[in-house]
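Colleague: The structure that follows is given in the form of structure tokens.
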Amino acid sequence: MTQVTKDTIIADILEMDIAVDAIPLLESIGMHCMGCVMANKETLDEACQAHNVDTNELLAKLNALKQ
């Protein structure tokens, strides 16, 4: 399985096998990525910066979804 990194594009996360769990996680911190035009261009790190979210903390949560 592919690991989510800070450089992963948001739209790519939404297409991964973890999407069913990742979507509610992203929404819970204010990232409404499914309807965002930036989802196809913005990296996870860029989205975290825009939403004042700790990238490393979110990465840990997203990658834990795969276990």
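The values are calculated or read from the model by the stated rules, or taken from the named source; none is laboratory data. These numbers were taken from a predicted model, which means no experiment stands behind them. Glycine gets a Cβ as well: all are built from the backbone with ideal geometry, and neighbour counts include every protein chain shown. Note: accessible area is taken over every heavy atom of the protein model, side chains too, but ligands, DNA and RNA are not part of it. Shrake-Rupley method; radii C 1.70, N 1.55, O 1.52, S 1.80 Å.
Colleague: Limited to segment 1-23, what total is found for residues that are open to solvent by 20 Å² or more (accessible area, probe 1.4 Å), outside any helix (DSSP H, G or I) and over 13 Å from Asp45 (Cα atoms)?
Modeller: So the count comes out to 7.
Colleague: Here's a follow-up. Going residue by residue through segment 33-47, is there one that turns out to be exposed (fewer than 15 other Cβ atoms within 10 Å of the Cβ), under 17 Å from Leu65 (Cβ atoms), modelled with pLDDT of 90 or more and not aromatic (Phe, Trp, Tyr)?
Modeller: no
Colleague: Right, next: Go through (1) at pLDDT below 95; (2) assigned to a helix (DSSP H, G or I) and name the single condition Gly30 misses.
Modeller: (2)
Colleague: Ok, one more. Residues that are touching a residue at least 60 places away in the same chain (Cβ under 8 Å) and more than 10 Å from the chain's Cα centre (by Cα): does segment 44-57 have at least one?
Modeller: No, there is no match, as no residue in segment 44-57 is touching a residue at least 60 places away in the same chain (Cβ under 8 Å) and more than 10 Å from the chain's Cα centre (by Cα).
Colleague: Does Lys66 satisfy the criteria of being out of contact with any Cys (no Cβ under 8 Å at 6 or more places or on another chain), at pLDDT below 95 and open to solvent by 100 Å² or more (accessible area, probe 1.4 Å)?
Modeller: The answer is no for Lys66.
Colleague: Next up: If Leu58 satisfies every condition in (1) surrounded by fewer than 14 Cβ atoms within 10 Å (Cβ to Cβ); (2) at pLDDT 95 or above but one, which is the exception?
Modeller: (1)
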